[in-house]
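The values are calculated or read from the model by the stated rules, or taken from the named source; none is laboratory data. As the structure is a prediction and not an experimental result, all values here were calculated from the model. Methodologically, a virtual Cβ is constructed for each residue, glycine included, from the backbone with ideal geometry; neighbour enumeration extends over all protein chains shown.
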Amino acid sequence: MINTQMLHEIIFYVLYAALALAAFVVVERAIFFIYNQRAARRLAEPATAGAALGEKSPGVAAQALLDAREAGLARLAPHQADCILEAVFIDAQKRLKRHLWLLDTIVTAAPLLGLLGTILGIIDTFVALARAGVSDPAGVSSGIGTALYATALGIGVALFGLLFFNLFQERVEHMGENIKALLLREACQPPVGAAVRAGVRPAAAPAMAAA
């Protein structure tokens, strides 16, 4: 016969592990987005844009701009430049969305695990009733309460993950739009040689709106 009590306890451990993993992802992504937000602000300032591009660990926006410049967009045909810009943007999006799938999975799975834990806990309580009878109503109530606690824990873990998942998704969309605008400005910059021949001073690095 399946040991429902053991499975019930295992689900509790899994939920606690899911909460710890969600907390780790939240902290890691929060540090990541704070750092990139500051890097985007430095990139938006003409006085600090050059330093932001020359950092050892540039932000996602600065790295996207560097990748686009290394590709030499001015020497490419329009369709080739579009492909390069799309590839650079997709790579930036991947970096922005890294580890968010873990939060999405936890948000989806935690309530189901909690519900499963409740079902197993109630089954275990009924098995105990069948063996000993209703001689201890307090014990029965305690068993059902412990079973329901699994559902509450699962919903709590999911709400915690959902709050930060939505927050990070908003950051991803906002920063993604800024990176796309930055790349489009870079693609529209005239070649330096053409600007010099036309007597126009080359434009400075395109500014990016602070995230």
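Structural remarks
- Test for residue 69: is it part of a helix (DSSP H, G or I), surrounded by fewer than 16 Cβ atoms within 10 Å (Cβ to Cβ) and in contact (Cβ under 8 Å) with a residue 12 or more places away in the chain: yes
- Residue 38 being free of Cβ contacts under 8 Å to residues at least 40 places away in the same chain, in contact with a Gly (Cβ under 9 Å, 6 or more places away or on another chain) and surrounded by fewer than 18 Cβ atoms within 10 Å (Cβ to Cβ): yes
Residues checked against (1) in a helix (DSSP H, G or I); (2) at pLDDT below 95; (3) closer than 19 Å to residue 21 by Cα:
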| position | (1), (2), (3) |
| --- | --- |
| 156 | yes, no, yes |
| 164 | yes, no, yes |
| 174 | yes, yes, no |
| 178 | yes, yes, no |
| 187 | yes, yes, no |
| 190 | no, yes, no |
| 194 | yes, yes, no |
| 201 | no, yes, no |
| 211 | no, yes, no |
